[in-house]
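We did not get these values from a lab; they are worked out from the coordinates using the rules stated. All of these numbers come straight from a predicted model, not from anything done at the bench. Methodologically, a virtual Cβ is constructed for each residue, glycine included, from the backbone with ideal geometry; neighbour enumeration extends over all protein chains shown.
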Amino acid sequence: MSSSVIYELAQGFALQTNKLIFLTGKAGTGKTTFLHNLKKQTAKQTAIVAPTGVAAINAGGVTMHSFFQLPFTPFIPTAEGKKDLIEKSKMRSFKRKILQELELLIIDEISMVRADTLDAIDTILRQVRFRHKEPFGGVQVIFIGDMYQLSPVVNEEEWRFLSQFYESPYFFHSHAILQKPPVYIELDKIYRQSDEHFIRILNEVRNNCLSASGLKVLQGKYDPLFVPPADDTFITLTTHNYKADRINAEELNKLPGETQRFSAKVEGEFSEKNYPTDPDLHLKIGAKVMLIKNDTETPRRFYNGKIGIIRAFGKDVITIECPGDSSMIDVTPMEWENIRYTANPVTKKIDEEYIGKFTQFPLRLAWAITIHKSQGLTFDKAVIDAGEAFAAGQVYVALSRCSNLEGLVLLSRINPYSIENDQQILAYEKQKLPLEILEKELDRSRHDFRSYILKNLFDFGSLRNQFGRFTKSIEEIATSFNEETPEYLKNIAAQLAELEEVGSRFSIQIERIFMQYDVDENFLSERIEAATTFFMDKIRKLNETLKQSPATTDNRENAQTFNEGIKSLFGSLAQHYYIMKNLQHPFSAENYFSLKNKFTVPEFSINAYSKTGTAKNFQTRHPQLYFKLLELRNKICEPDDTPIYLVAGSKTIKEMADFLPLSEKELLLIHGFGKTKVQKYGKRFLDVITEYCLDNNLTSRMYEKSAEEKSNKRKAENGKRRTNN
């Protein structure tokens, strides 16, 4: 019952709050199961990372270094170190968008993650998300792992530098964690072992307090001359790769018959160091093998870690006999997928893109395996050679792979020094909260989460900062754009500044409302409805401004930068608008995330590219008319200081001067003119054009515009066909 409550509490914190969480538990308590279930259950935009490639593949995620583009050198948490990291990362726009959309980050195998690596992640998230005061840039992070298992790798030279800034290399001594400690939740029901006597001994080893009776039991398992029976399921756990490889090679060579080779099929991107098993499996009839993937059939015939003996080879099938099973298992090749996270520009979601695939029989020779590779597996019978254990936690990992004492054999005596756990880990464990306090904390965190989500919905500060970064990039290439572009961007920035200012004031109101634990839901709904009415109107007007871009450039690359920046802002604003419009009352986090996941960006097109170049160097057929129209445009703008592109940009005036529209219907075909603008300014422009045509005996040339557009369309289609061919 206790375990069930704790598991549900952990789910509650993960799904219904934005609290940082450290989810731990002894070996075999279901941490990996929790991770996979959470991935299916959460509506938050989620990414899973791990410190190593194999761990990332097993968790269904990517490595931390690839996801955050981290260098492999130590990170120094100073102002200079942070600046250097940001400059070195040189994160491309698509990666920035992923991190900006991210809501939940799950870090698996956290015991292996160094403090400085975590601070590097924190630095990047704060920078990219423009939330410099919030740990991890406001992203909820769940740290999963057991600190008593494999520890971070840091050599003496690196630690000489890092020890000036960190108390220890463990993640919980990172500056980000010290600023905002996570909720410490420990799963306490062990599913791997059922023998209470064995569980007690494992706990003693784990907690660095092995009793005399426990040591006596373990020493009684010492048998240096033990040789596993050929047809039994014993597997040797050893400390180093070369030892495991040597044992497997020797045992395979002892078997009669020819060696069969089975080659993996690798498609797309899949790094060799992340291969889950050998790309070339060398097997024989009678070889002891371990299955390294869970069966996908129902009922399940095998699981990751099950051991058996090869009895036959067939076409694309290997038959395995597992002692105790009533029937043999026909194993066929299985797939492992390598993923990459992408930001979907249409849905504003984080998608998983499959970039590579590794297909191979899910087998590994199983006379021996390293303790490191055994993490997460369960064995009924194991021979442990941990006399040369070199890392804290190796002995505990090895012992805890066994499901019972009866199947445990020690080839070397337990070295007392190898089971000594770091006192800092023991001290950190004391931060674990009692069940009743966790329950109260969950209630309070749910309450705070509602407030946090609402404030985020009406927070336009990050959008304004992102737009500021975009504007700065356009300023660096400003000479390639027409003269209306800076003023257009300035107008957008002013509207965003107003949204940010009013949003900040409304956030204060939200904080005051949520200061009371029992929120007045009717009053809250009234305030939300009033706020959404105001903001929706402002967003609607701002998005209309975005649609009326006057920007032109003859540089394709610069045009693409401009187009992407405006599209990104439009999509983000449209998402705010959609959620505000469809919010249900009383407001709930579930409704918010449901709306966010249903959202798709409305159709929006923009193209700043123009072969004719900028407004400063184009030619027009009727210069006299062009300048008359320009003068009229400026007169219209002057009284209220209306931005010129909202009336008629340079491209609009040029088209009017070139093609001479003489009716409202024809004016609608001119670039930059819609129904509203025609109704507002159309007659005044048409009067000038009509007068000019009468004076010069001219008629409309709009048919030329239609012919020109059709010709350009044909050329584009022909070019596309040639490219495809």
Taking alpha-carbon centroids only, the range 563-607 lies from the range 625-680 a number of Å equal to 32 Å
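Hey, with R₀ at 60 Å, roughly what FRET efficiency would Ala494 and Asn304 work out to, going by the Cβ-Cβ distance, to 0.05? Can you show the working numbers first?
Details: r = 58 Å, r/R0 = 0.97.
Calculated transfer efficiency: 0.55.
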When Cys322, Cys209 are arranged by how many other beta-carbons sit within 10 Å of their Cβ, fewest first, they go Cys209, Cys322
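Which chymotrypsin sites (Phe, Trp or Tyr not before Pro) does the range 55-139 hold that lie in a coil by DSSP with at most 10 other beta carbons within 10 Å?
Working: sites: Phe67, Phe68, Phe72, Phe75, Phe94, Phe130, Phe136; in loops: Phe72, Phe75, Phe130.
Counting only loop positions with at most 10 other Cβ atoms within 10 Å, the chymotrypsin sites (Phe, Trp or Tyr not before Pro) in the range 55-139 are Phe72.
Would you please report the Å³ per residue occupied by the convex hull of the alpha carbon atoms in the range 55-135?
102 Å³
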Hull volume per residue for the range 623-724, using the convex hull of the C-alpha atoms, in Å³ is 116 Å³
Dipole check, the range 2-190, charges on Cβ (K,R +1; D,E -1), about Cα centroid: among Ser111, Ala56, Phe94 the Cα furthest to the positive pole belongs to Phe94
Long-range alpha-carbon pairs in the chain, meaning those over 36 Å apart, account in percent for 56 percent
Filtering trypsin sites (Lys or Arg not before Pro) in the range 274-377 by DSSP loop and by at most 11 other Cβ atoms within 10 Å leaves Arg300, Lys315
extent check for the range 242-334: Cα max minus min per principal axis, descending, whole Å, gives 38, 34, 27
Sparse-neighbourhood loop hits (chymotrypsin sites (Phe, Trp or Tyr not before Pro), the range 168-238; DSSP loop; Cβ within 10 Å at most 15 others) -> Tyr191, Phe226
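Return Arg126, Arg701 ranked ascending by Cβ neighbour count within 10 Å, so the fewest neighbours appear first.
Lowest count first: Arg701, Arg126.
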Expressed as a percent, the portion of alpha-carbon pairs in the range 196-424 spaced more than 30 Å apart is 34 percent
The ³J(HN,Hα) series, computed from each phi in the range 450-461 with the Karplus coefficients 6.51, -1.76 and 1.60 at θ = phi - 60°, rounded to the nearest Hz and given as x for glycine or proline, is 4, 4, 4, 4, 4, 5, 5, 4, 9, 9, 10, x
Dividing the alpha-carbon radius of gyration of the range 2-190 by 2.2 N^0.38 Å, where N counts its residues, gives 0.99
In order over the range 165-178: 3J(HN,Hα) from phi, Karplus 6.51/-1.76/1.60, θ = phi - 60°, whole Hz, x for each Gly or Pro, gives 10, 10, 6, 8, x, 5, 4, 6, 9, 5, 5, 5, 6, 5
The helix 196-206 Cα axis meets the longest alpha-carbon principal axis of the chain at an angle in degrees, between 0 and 90 and rounded to 10, of 60 degrees
Surrounding charge for Thr319, neighbours by C-beta under 11 angstrom, Lys/Arg +1, Asp/Glu -1, total -1
In cubic angstrom per residue, the convex hull of the range 542-643 built on its Cα atoms measures 138 Å³
Magnitude of the Cβ-charge dipole (Lys and Arg +1, Asp and Glu -1) of the range 196-424 about the Cα centre, nearest 20 debye, reported as 200 debye
If His622, His175, His197, His132 are placed from fewest to most neighbouring beta carbons inside 10 Å, the sequence is His132, His197, His175, His622
For the range 196-424 the mean separation of alpha carbon contacts under 8 Å (6+ apart) over residue count, i.e. relative contact order in percent, is 28 percent
Using alpha carbon centers only, the range 143-158 is separated from the range 522-560 by a whole-angstrom value of 47 Å
For the chain, the dipole about the Cα centre with charges only on Cβ (Lys and Arg +1, Asp and Glu -1), to the nearest 20 debye, works out at 1900 debye
The rounded separation in angstrom of the Cα centers of the range 222-295 and the range 451-481 is 54 Å
